[in-house]
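Novice: What follows is a structure written as structure tokens; I'll ask about it next.
Laboratory data are not the source of any read-out in this text; all were calculated from the coordinates shown. Everything numeric here is computed off the predicted structure, so don't read it as measured data. Ideal geometry is used to build each Cβ from the backbone, glycine not excepted, and the neighbour counts take in all protein chains shown.
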Amino acid sequence: MPQEKQAAGEGYYLGFDGGGTKTDCILVDAVGAVLAHATAGPSNPLRAGYAKAWFTLSDAADMVLERQHIKADNIHGICAGIGGAGREAVAKRIAPRARVVTLREKPAEAAAQLAIRLGRRKAHAG
């Protein structure tokens with residue numbers, strides 16, 4: 001059985017690019033190196049519904065984490081560009097406790113890079 005990677009001193013980040021037909025998810029390390037990529041179904045809550053969108057995002061994240069044997073507790077930041085989430089009411093439902101950053105037409109890689117920058121800024125501020 002493969003051993004789980006430890007996150008001692010390391011940070012891992014997830015980036016999502018979700019739309020009405022598919023969702024891309026990448027896992028990157030603290031320097032932005034892409035460790036894993038997964039594609040799942042639709043995650044635009046206006047087209048797929050909120051429950052389906054949540055399950056799709058969760059499934060995509062589980063796939064990349066499992067491939068690298070990383071626990072969800074080791075994720076230091078998440079950034080997502082999700083279709084429909086430019087609307088405030090949708091953004092509040094899809095990520096109720098998150099600071100929402102609207103990314104238009106940005107791939108998952110850009111979202112992950114933004115998550116890294118936001119995580120570093122938060123670490124320096126705290």
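Novice: At 0.36 nm per residue, minus the direct Cα-Cα distance, what do THR39 and ALA95 gain on full extension? Give it in nm, one decimal, please.
Specialist: Details: separation 56, 0.36 × 56 = 20.16 nm, distance 2.01 nm.
Between THR39 and ALA95, full extension yields 18.1 nm more.
Novice: Whole-Hz ³J(HN,Hα) for each residue in segment 84-95, computed from phi via Karplus 6.51 cos²θ - 1.76 cosθ + 1.60 with θ = phi - 60°, x for glycine and proline: what do you get?
Specialist: Going residue by residue, I get x, 7, x, 7, 4, 5, 5, 4, 5, 7, 7, 9 Hz, with x marking Gly and Pro.
Novice: If you don't mind, there's one more thing I want to ask. Under 5 Å between amide hydrogens, which residues at least 5 positions from ALA30 or on another chain qualify, with H placed 1.01 Å from N in the peptide plane?
Specialist: Sorted by chain and number, the residues that satisfy this are GLY11.
Novice: How far apart, in nanometres, would the label points at HIS69 and ALA30 be if each is projected 7 angstrom from Cα along the Cα-to-Cβ direction?
Specialist: Using points 7 Å along Cα→Cβ, the separation is 2.1 nm.
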